[in-house]
Amino acid sequence: MMRPNAHSSTVCARCLSRGRLFSTTAPSRVSQKSDALPAPPPTTGYARLTNRGLISITGTDSTTFLQGLITQNMLVTNDPNRATRHTGSYTAFLNSTGRILNDAFLYPLPETEASASESPAWLVEVDKNEVASLLKHLKKHKLRAKLKLRALDDGERTVWSSWKEHTEPRWAAYNLESPASSPFSASSPVAGCVDTRAPGFGSRIITPGAEDLRSHLPDETHVAGSEVDLGSYTVRRMLHGVAEGQSEIIRESALPMESNMDMSRAIDFRKGCYVGQELTIRTHHTGVVRKRILPVQLYPADQTATETGELPVYDPSVELSLPPSGSNISKVSARRGRSAGKFLGGVGNIGLALCRLEMMTDIALTGESTQYTPGQEFKVSWTGAEQESSEAQDSGEVKLKALVPSWTRDFIFSGGVRNTSHQNRADEGNRARDFVEQLGEEEEARRHE
């Protein structure tokens with residue numbers, strides 16, 4: 001099924017991250033840059049994620065198969081009956097050395113479709129460019145497991161991100177494995193989960209076909225605002241320090257904790273064995289995570305960094321050429337020193353970078369002195385040989401400033417998952433009860449309208 005022309009001009013996140021100019025007829029470079037950059041994201045809205053693909057896994061062994069491959073637990077935590085989870089979640093596939101192959105979202109297939117196939121059934125959402133490689137990885141581990149693997153065709157299902165700033169999704173209680181039921185009826189073909197990669201970041205929703213999200217969820221309590229393009233969603237991601245896809249979470253190089261997957265609830269440290277568990281669990285119990293992905297503010301090379309808040313400020317009018325993904329970050333000084341991190345991607349004057357915390361931020365991980373110096377500037381320099389396209393400029397340089405969101409700072413200072421897991425479980429239980437009561441009150445009010 002072909003998509004309407006209204007959405008055919010969507011720009012993919014990977015192209016945005018290269019800082020390429022998308023118009024060749026504009027009279028000046030400044031206007032070219034302004035036309036190419038997406039609008040700032042609204043506080044409420046939803047976006048069609050055309051850069052994501054889906055794989056279905058069906059069959060009697062599908063749950064145990066995934067349990068041995070992903071960082072998330074396929075079973076309900078602390079359930080003595082070892083019941084299969086009924087909610088979606090953020091997760092990752094690792095290689096044998098504990099490096100990330102793919103960041104992913106996992107969803108149970110809606111009951112109406114699962115009953116028509118072999119049950120249980122799951123949908124795995126990954127970077128669209130990585131569907132073939134993940135399928136190859138899954139088939140390598142399939143062996144004699146009773147399951148079927150299939151990549152969904154374009155238009156068969158659509159991936160959405162929906163958000164309402166500073167508000168938990170309506171179905172957050174359901175996502176916490178409480179007794180609350182799904183916000184969708186048993187006959188609904190819609191699947192999804194709460195996006196836990198940043199506080200109040202919104203929901204991930206999967207709908208059948210290529211129709212607008214409103215045709216499936218017209219109720220404002222489920223989806224609010226209007227549709228925006230993929231570029232605005234990408235800007236919102238980067239403002240929150242959320243990396244996505246293998247252009248930013250580099251395949252077979254990125255580590256789960258450095259990619260904030262512990263903070264995003266993508267890892268269950270209490271589950272059994274899975275591929276890549278050894279290094280992950282050892283780092284969790286004994287190691288210190290010295291690098292993390294953070295949002296960064298970008299500046300021209302001849303400009304001094306200015307003070308901002310805890311998050312970058314996006315200005316689509318700022319003209320900047322961006323470095324290629326993986327470029328080294330260094331101090332602005334005459335002497336070439338140790339790399340301070342790696343630039344991962346950006347849009348306009350904001351981006352994401354893997355940063356050495358004790359060099360680029362004021363966070364001290366141990367009692368020892370850090371390499372951080374207030375006022376120290378950092379830069380990324382690159383040459384044409386590092387660029388993916390011959391159309392890009394021969395060389396360039398930008399300055400950047402790493403920013404630490406409050407939730408990241410709180411997570412690190414609290415000791416991470418290791419010291420907060422018990423309190424988190426209690427907090428989640430209280431939140432679940434609160435949401436259940438809230439939903440009950442809303443349903444009661446609706447019946448009396």
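The values are calculated or read from the model by the stated rules, or taken from the named source; none is laboratory data. Since the model is a prediction, treat every value here as computed from it, not as a measurement. Glycine gets a Cβ as well: all are built from the backbone with ideal geometry, and neighbour counts include every protein chain shown. The area values use the complete protein model at the heavy-atom level, side chains included, leaving out ligands, DNA and RNA. Shrake-Rupley method; radii C 1.70, N 1.55, O 1.52, S 1.80 Å.
Points to keep in mind about this one:
- Those residues of the range 362-385 which are in a loop (DSSP other than H, G, I, E, B), open to solvent by less than 50 Å² (accessible area, probe 1.4 Å), modelled with pLDDT of 90 or more and not hydrophobic (A, V, I, L, M, F, W, C), in sequence order: GLU377
- Residue check, SER115 more than 16 Å from CYS193 (Cβ to Cβ), modelled with pLDDT under 90 and open to solvent by 70 Å² or more (accessible area, probe 1.4 Å): yes
- Filtered residue count, the range 204-227, keeping only those that are in a strand (DSSP E or B), closer than 30 Å to ASP262 by Cβ and open to solvent by 10 Å² or more (accessible area, probe 1.4 Å): 0
So that you can scan it fast, the table gives a plain yes or no per residue for (1) in contact (Cβ under 8 Å) with a residue 12 or more places away in the chain; (2) β-branched (Val, Ile, Thr); (3) surrounded by 22 or more Cβ atoms within 10 Å (Cβ to Cβ):
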| position | (1), (2), (3) |
| --- | --- |
| PRO42 | yes, no, no |
| TYR46 | yes, no, yes |
| THR50 | yes, yes, no |
| ILE55 | yes, yes, no |
| GLY59 | yes, no, no |
| THR63 | yes, yes, no |
| GLY68 | yes, no, no |
| GLN72 | yes, no, yes |
| LEU75 | yes, no, no |
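- In the range 122-145, the qualifying residues are those that are farther than 11 Å from ILE55 by Cβ and among the hydrophobic types (A, V, I, L, M, F, W, C), and the one that is surrounded by the fewest Cβ atoms within 10 Å (Cβ to Cβ) is LEU143.
- Search result, residues across the range 294-343 that are β-branched (Val, Ile, Thr) and at pLDDT 90 or above: VAL296, VAL313, ILE329, VAL332
- Residue within the range 67-81 that is part of a helix (DSSP H, G or I) and more than 13 Å from ILE267 (Cβ to Cβ) present: yes
- Checking ILE250 against (1) among the β-branched types (Val, Ile, Thr); (2) open to solvent by less than 30 Å² (accessible area, probe 1.4 Å); (3) assigned to a loop (DSSP other than H, G, I, E, B), the condition it does not meet: (2)
- Single residue of the range 229-266 satisfying the filter (over 12 Å from the mean Cα position of the chain (by Cα) and among the charged types (D, E, K, R)) that is nearest to CYS193 (Cα to Cα): ASP262
- Flag: GLY348 matches the condition of being of a type in the set (Gly, Ala, Ser), out of contact with any strand residue (DSSP E or B) (no Cβ under 6 Å at 6 or more places or on another chain) and within 17 Å of GLY231 (Cβ to Cβ).
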